[in-house]
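Report on the following structure.
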Amino acid sequence: MNAADIWNSMPRRIVAILRGLQPDETEAVIMALIGAGIRAIEIPLNRPHAMQSVEIAVRSAQMAGKACLVGAGTVLSAAAVRQVHEAGGNLIVAPNHDPQVVRAARSAAMVTLPGVFTATEALAALADGATGLKFFPASVLGPAGVAAIGTILPEDASVCAVGGVWPDDFAAWMKAGITGFGIGSSLYQPGRTTAEIGAAAAALVTAYDAAKAAT
């Protein structure tokens, strides 16, 4: 199954943002997340040893035998896209929309979620071939702001909220047209045990399913 098919078939578009994940904990954390039902994993590159963690995360997902998206966040260059692809990753997330990053990811058949904040940025990212849009920081726009921008987007656009989004708010975001979420500190923080991460992931999945059923 290719990356686009995985994205389109995911029952829950939850992207786990593992900022600061260390190589020696990567396998256990990835297994805990996959076991709880998370199928998309982002390791931001602006921390030490991030690429090594990406490589381990890719292998861990393969060992788990689940169709997953595993890759990197804070991807700021086409060169970084190539590094992630060479490591086996199939997901590219960025805080901004850089056409070169989006095009490099698309040419490598990777799912790409560039960061946008305005209607102009959102339409430009889609025109460049973005798989979906990462509205960031979503808490500043709020559900109403994202909904307003959503009125000019294609009906089939994948729209994710990242930054200041909490499970208790999932239903409000979904009613505004959000189809996915990037979740960081409420799911993973350096120093958390694998058991704590697994429990947080399970609670996140439960909250997502409940919100989806209510909308």
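Things worth noting here:
- Residues in segment 178-197 that are assigned to a helix (DSSP H, G or I) and either crowded, with 20+ Cβ neighbours inside 10 Å or modelled with pLDDT under 95 (or both): 197 only.
- Among residues of segment 189-215 that are closer than 13 Å to residue 28 by Cα, none has a beta-carbon under 6 Å from a residue that is buried (at least 16 other Cβ atoms within 10 Å of the Cβ) and acidic (Asp, Glu) at least six positions away or on a different chain.
- Near pairs, Cβ below 7 angstrom, 6+ apart or cross-chain, from segment 65-87 (closer than 12 Å to residue 105 by Cα) to any residue that is of a type in the set (S, T, N, Q): 71/90; 78/100
- Qualifying positions in segment 60-71 - more than 17 Å from residue 4 (Cβ to Cβ) and in contact with a Ser or Thr (Cβ under 9 Å, 6 or more places away or on another chain): 60
- Enumeration of residues in segment 8-31 that are surrounded by fewer than 23 Cβ atoms within 10 Å (Cβ to Cβ) and in a helix (DSSP H, G or I): 8, 9, 23, 24, 25, 27, 28, 31
- Scanning segment 35-46 for residues that are over 21 Å from residue 81 (Cβ atoms) and surrounded by fewer than 22 Cβ atoms within 10 Å (Cβ to Cβ) yields 35, 36, 37.
- Taken as a whole, the structure leaves residue 34 outside the set of residues that are closer than 12 Å to residue 89 by Cα, touching a strand residue (DSSP E or B) at 6+ places or on another chain (Cβ under 9 Å) and modelled with pLDDT of 95 or more.
- Any hit, segment 199-215, residues being within 17 Å of residue 41 (Cα to Cα), surrounded by 14 or more Cβ atoms within 10 Å (Cβ to Cβ) and either of a type in the set (S, T, N, Q) or at pLDDT below 95 (or both): no
- Against the numbered list (1) without any contact (Cβ under 8 Å) to a residue 60 or more places away in the chain; (2) in contact with a Lys or Arg (Cβ under 8 Å, 6 or more places away or on another chain), residue 166 comes up short only at (2).
- When residues of segment 108-149 are limited to those that are farther than 20 Å from residue 78 by Cα and small (Gly, Ala, Ser), the one surrounded by the fewest Cβ atoms within 10 Å (Cβ to Cβ): 144
- Flag if residue 158 is of a type in the set (S, T, N, Q) and over 17 Å from the mean Cα position of the chain (by Cα): no
The values are calculated or read from the model by the stated rules, or taken from the named source; none is laboratory data. None of the values given here were measured: they were computed from a predicted structure. Quick reminder, even Gly has a Cβ in these numbers, built from the backbone with ideal geometry, and neighbours come from all protein chains shown.
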